[in-house]
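The values are calculated or read from the model by the stated rules, or taken from the named source; none is laboratory data. Predicted model only: the values in this text are computed from it and were never measured. As a convention, Cβ positions derive from the backbone with ideal geometry for all residues, glycine included, and neighbour counts pool all protein chains shown. For the accessible areas, the whole protein counts, side chains as well, though only heavy atoms, and no ligand, DNA or RNA atoms are used. Shrake-Rupley method; radii C 1.70, N 1.55, O 1.52, S 1.80 Å.
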Amino acid sequence: MFDAISEIIGQGVKEMNIILPLNSEAVFGTYYDFLAERGKLVNLTAITEPEKVARLHFLDSIALLGAISLKNERVIDVGSGAGFPGLVLKIMRPDIDLTLLDATGKKVTFLSELCELLKIETNCVNARAEEVSHMDTWRETFDAAVSRAVAELRVLCELCLPFVKVGGVMVAMKSVNSDDEIDSAKNAMATLGAELERVYDYEIPGADITHRAVLVRKISETPVEYPRRYARMQNFPL
Ligand code: SAH
């Protein structure tokens, strides 16, 4: 497994013109093994074959670095699941100050154990985004919020933007068919103090799939009434 993962990652980053830190192929190999082992117990990912994990999880997450540098930044991954994209970004950019947030306890346990195994320092937190982002220690304290496969963009803006400092960025990973979703989220962005900066489409090496990173820039403080409770967000999206 190990060699297959290393090779795909090594080749993939070359194609994307991204530099892999020393020895990180081995780190991805260990990550894969732990995911494969624990994935059987905890429902962590629908994708299990090594090649698919390497491309659709690891390379997909790494590709964000083509759009944002994140150097020395304080970053939160909202709804991180098994660590995508946040933990992969931390492996690529060890200088990131990373928080992995997830509402599901089992996933956070997996993440904490994995970080210990990989000797990576992160803040793994089991909480709901819409609750912690009202606290002073969390609110508008991050340079960047990243998120993949958590919610429709209008809802995702409300989950992520309250964490982001004015001047910071939210990065939502979406499919290339998200034009309408992005359009209909413009009101949510404006209400929460942000605006669409750009859309970054990228090809996942070797997978013949194009994905999209939606970059939303925070331009003013989010009004205190947001985020609302989850049911309200979903039933009455901004
Ligand atoms: N980002 C990962 C996981 C996606 S699954 C990936 O792309 O593979 C969605 C995850 O978001 C789940 O683990 C779920 O527990 C978490 N989640 C959903 N709503 C949340 C909320 N309001 N606050 C925190 N985590 C949430």
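A few notes on this one:
- Gaussian network model of the chain, Cα within-10 Å springs - most flexible of Ile76, Ile182, Ile19: Ile19
- Amide H partners (placed H, <5 Å) of Glu197, local residues excluded: Leu215, Val216, Arg217
- Shape class for segment 84-204: prolate, because the ratio a/c of the largest to smallest gyration tensor axis (alpha-carbon atoms, square roots of eigenvalues) is 1.5 or more and a/b beats b/c.
- Binning all Cα-Cα separations of the chain at 10 Å, short to long from zero, yields these whole-percent fractions: 8, 34, 37, 18, 3, 0.
- Residue with peak Gaussian network fluctuation, the chain [Cα springs, cutoff 10 Å], from Gly12, Gly29, Gly167: Gly167
- Rounded to the nearest 20 debye, dipole of segment 34-105 from Cβ charges on Lys, Arg, Asp, Glu: 40
- Relative contact order, percent, segment 43-115 [alpha-carbon distance under 8 Å, six or more residues apart]: 30
- Modelled spin-label separation between Asp33 and Val199, with each label point placed 7 Å from Cα along the Cα-to-Cβ direction: 4.2 nm.
- Against the rule of thumb 2.2 N^0.38 Å, how large the Cα Rg of segment 33-91 comes out: 1.18
- Per-residue surface analysis assigns Lys174 an accessible area of about 30 Å², computed on protein heavy atoms at 1.4 Å probe radius.
- Projected area, mean over directions - segment 12-56, Cα convex hull, nm²: 3.4
- Top of Pro50, Pro85, Pro162 by mean-square fluctuation, Gaussian network on the chain, Cα under 10 Å: Pro50
- For the chain, relative contact order (Cα pairs under 8 Å, six or more residues apart, normalised by length) works out to 17 percent.
- Based on the Kirkwood approach, the hydrodynamic radius assigned to segment 1-128 is 14.5 Å, with every pair of different Cα atoms included.
- Between the listed residues Cys115, Pro50, Ala194, the Cα displaced farthest toward the positive end of the dipole of the chain, a dipole computed from Cβ unit charges relative to the Cα centre, is found at Ala194.
- Karplus-derived 3J(HN,Hα), 6.51/-1.76/1.60, for each residue of segment 93-99, Hz, glycine and proline x: 10, x, 7, 5, 9, 10, 10
- Probing with 1.4 Å while keeping every protein chain in the model, the per residue accessible area of the chain equals 45 Å².
- Qualifying GluC sites (Glu not before Pro) for segment 41-125 [loop in DSSP, other Cβ within 10 Å: at most 12]: Glu121
- Bridge orientation summary for segment 112-227: considering DSSP beta bridges with both residues in this region, about 75 percent are antiparallel.
- Added length on full extension, which subtracts the Cα-Cα distance from 0.36 nm per residue, Asp136 to Val224: 30.6 nm
- The chain - charge dipole about Cα centre, Lys and Arg +1 at Cβ, Asp and Glu -1, debye rounded to 20: 440
- Only one residue of Cys160, Val27, Ile91 has its Cα farthest out toward the positive end of the dipole of the chain, where Lys and Arg carry +1 and Asp and Glu -1 on Cβ, and that residue is Cys160.
- Apportionment of accessible area to carbon and sulfur, the chain, percent (1.4 Å): 48
- Within the chain, antiparallel bridges make up roughly 50 percent of the DSSP beta bridges whose residues both belong there.
- Segment 98-141: C-alpha gyration tensor shape, a/c 1.5 cut-off, then a/b vs b/c: oblate
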